[in-house]
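The next block holds one structure in the form of C-alpha cells; read it before the comments.
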Amino acid sequence: MTPLRFDRYYDHQRLTLGLQHYAEEYPGLLHLQSIGASYEGRAIWLVTATNFATGPAAEKPAFWIDGNIHAVELAGSSAALYLIHRLVNEYGKDADITRCLDTRAFYICPRANPDGAEWALAERPKLIRSSVRPYPYDEEPVDGLSLEDVDGDGRMLTMRVPDPHGHWKVCPEKPRLLVPRAPTEVGGCYYRLLPEGRVRNYDGISISVPPAKQALDLNRNFPVEWEGEYKQMGAGSYPTSEPEVRALVDFIARHPNICGGVSFHTYSGVLLRPYSYQADSKLPAEDLWTYQTIGAKGAQLTGYPAVSAFHDFQYHPKTVTTGVFDDWLYEERGAFAWTVELWSPHRQAGIKEYKFIDWYRQHPLEDDYKLLQWSDEALDGEGYIDWYPFEHPELGRIELGGWNPLYTLWNPPPDKLENELLPFPRWLVWHNLISPKLDLYKAEATMLGDGLYRVRLAVENSGWLPTYVTKKAQDKKITRGVIGEIDLPKCALLISGKQRQECGQLEGRAYKPCSTFLWLGQSGDPTSNRSFFEWIVRAEENSRIRLKASHERAGVVRAEVITRRA
Ligand SMILES: [Zn+2]
C-alpha cells in the first residue's frame, strides 16, 4: 500500500489499508484503533495523532476531527485523511505542526459513516442521506419513485418528463438549460423534473416521491435538543440510537481533554458554528467573541466565510435543525465546535456573493450560465449533462440529463480535491494550539527549620484559552479546576495542606482587551493564568517528593523536589 493520495476517493477497504500503512510507518506519532462498528459491521476508525514521546494523548489538550457522517459527502473523509498526511509529513519541519504534536493531540475519525460512504462509492452508486439502516420503516415502499440508475451508465441524473403543467421550460437564451416557467405563462412546452429512477406501480396519473427507505440523518441523532421524527426528520429512535453516533459520543465523552472539534461535510464552502437551533443572543458573550475570532482566522486561512448555522444556514426560516454534532460538542461538552462545508461549486464558477441555502429559492439566471460554463470548461462537461432521449419503462419517451452532482457539486472532482483541502491543516493546527496548556512555573522545597519544609508547585496556563475553554463549560460545571497532588516518601509526613487539592481554573489571554487604555478599576494584566499549591511537610534531608498538577482539558505537569538544607 502506497501512502494515501488526494486525487481520488477511497472505499472502506482502501481507507483501512491506508490508515494501517500510516500507523505502521509513524508509530511515534499515530495510533489507530476502532471505536465501534457501523450498522453493517464496518470498523469506525479513529487515529490519535501526537508525539507519544512527550506524553500520552490523554495527558494533553486535544482536538476532534471527523468526516463523511453524511453518505455522499466523501470529501469530508479526505479532509481528515489529509490532516493526518500533513501532520506526519511536516512533523519536525513545520514549527507549528511540531509544537502542536509535541504539546497537544488530535483525535481523527476519517469516516464516521462507513456504510453510507460505501454505497456512494459503489460501481452503481446508491445515494442516501446517511445511514443504511432502514428507517423509520423497514418495509420496501410499493408505490412511487425509487431512485436508481435507470440507463445503467453509473450516473444518477435527472429525468425530464414532458408535461403541459410542468414547472420548467427550455431557457430561451441558453437552450441547454432549464428555467422556471413564469407564473401566468401558458402555451409553451413544459417539463417536470424528477430524480432518475423507476416508478413503482405506476397508475398512469400520479408520481409520488416517497422518502427513501434509508431516511436516517446521523447528524440529527446527537443528544442535544433532540426532537423526534414528527419535528426533526431523520432524527432516529432516540438520541444516540445509531451505532455510529453512539461510538462518537461515547469516545468524546470519555476524553474530557477535547477542547474543540471540526466535523467535515460538503458542500457550500462555509465554516458553520453553533447554534443550529437558536440565535447568537443565547451564546455567552465571551464564547461568541471567541467563536468570531476563531472564525476570522479560519476565513483568513481557508477563504471560507464563518457564520452561524441558525442565522445564515437555515433550510426554512420557521424551522430549526436539532440533534446536530457541533451543537452537542459545544452545548453539552463545552468545546468550540464547527461544521465545515467543504467545496463551493458556486465560487468555482465565479459566483462571489451567494447566500448558501437561500440561493436554491432565488438567484439570478446569470449564476446558472456561470455554472454551466464552469462545467464545460473546468469539468470537461462532466458536471452538466446535455439532455438525451431515453425510453423509460414506465414513463415512455423522456430525457435524461442535468447536473451529475456526486463529483461536481457535492464533492470536488478528484483532480481538484487536494487543492481544496490544502488550507485546512493550518487552521486545524492553529485551533488546536489555542487550547489551554498546563505548564510548570516552579517547583520548590524550602527549609523552614526543625525538619520542616515548605513545598510549592506553581503552574500556569500557557495557552490562549482559559482552562475551562468555554463559558458554557464553566456555567455547566463540565470541567473541574486544576488538581494538585503530593506524593511523599514513606518516612515523610504531611503537616499541612491536603494530599490532593483543587485550585480552580486558570485564565488565558483570550478575554484580555486589545486596547492599552485601562479603565479605572480595570485589572490590567494580572497573573490570573498562574496558581500554586503549597504543603508543609516534615521530611529527612534529601527526600524526593513527587508533585503532580493536572487539568482535564489543559494537561498534566509532573515535578520532583528534593529536600535540602538551605
Ligand atoms: Zn453534511
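Structural remarks
- Flag for P425 being touching a helix residue (DSSP H, G or I) at 6+ places or on another chain (Cβ under 8 Å), under 30 Å from A58 (Cα atoms) and open to solvent by less than 10 Å² (accessible area, probe 1.4 Å): yes
- Criterion violated by D138 - all others in (1) surrounded by 15 or more Cβ atoms within 10 Å (Cβ to Cβ); (2) part of a loop (DSSP other than H, G, I, E, B) satisfied: (1)
- For the condition under 30 Å from E40 (Cα atoms) and either in the same structural domain as G228 (by TED's automatic domain parsing) or in contact with a helix residue (DSSP H, G or I) (Cβ under 9 Å, 6 or more places away or on another chain) (or both), R99 does not qualify.
- Qualifying residue in segment 51-59 (condition: assigned by TED's automatic domain parsing to the domain that holds L17, within 16 Å of the ligand (Cβ to nearest atom) and hydroxyl-bearing (S, T, Y)): no
- In segment 17-41, residue nearest to the ligand (Cβ to nearest atom) [restricted to those that are out of contact with any strand residue (DSSP E or B) (no Cβ under 8 Å at 6 or more places or on another chain) and touching a residue at least 40 places away in the same chain (Cβ under 8 Å)]: Y39
- When segment 221-244 is filtered for residues that are in contact (Cβ under 8 Å) with a residue 60 or more places away in the chain and within 22 Å of G261 (Cα to Cα), the ones remaining, listed by number, are N221, F222, P223, V224, E225, W226, A235, P239, E242, P243, E244.
Residues are listed down the side, and each one gets a yes or a no for (1) within 25 Å of L465 (Cβ to Cβ); (2) within 16 Å of the ligand (Cβ to nearest atom):
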residue: A62; (1), (2): yes, no
residue: S77; (1), (2): no, yes
residue: Y82; (1), (2): no, no
residue: E90; (1), (2): yes, no
residue: A95; (1), (2): yes, no
residue: A105; (1), (2): yes, no
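- All positions within segment 126-172 that are more than 29 Å from N113 (Cα to Cα) and of a type in the set (G, A, S): G166
- Looking across segment 72-105, the residues that are among the acidic types (D, E) and buried (at least 16 other Cβ atoms within 10 Å of the Cβ) come down to E73, E90, D94.
- Every condition in (1) assigned to a helix (DSSP H, G or I); (2) buried (at least 21 other Cβ atoms within 10 Å of the Cβ) holds for R160 except the one numbered (1).
- Taking the numbered list (1) in the same structural domain as L271 (by TED's automatic domain parsing); (2) free of Cβ contacts under 8 Å to residues at least 24 places away in the same chain in turn, P389 passes all entries but (1).
The values are calculated or read from the model by the stated rules, or taken from the named source; none is laboratory data. Remember, predicted model here, so these are calculated numbers, not experimental data. Cβ atoms come from the backbone with ideal geometry, glycine included; neighbour counts cover every protein chain shown. The accessibility values were calculated without ligands, DNA or RNA, using every heavy atom of the protein model including side chains. Shrake-Rupley method; radii C 1.70, N 1.55, O 1.52, S 1.80 Å.
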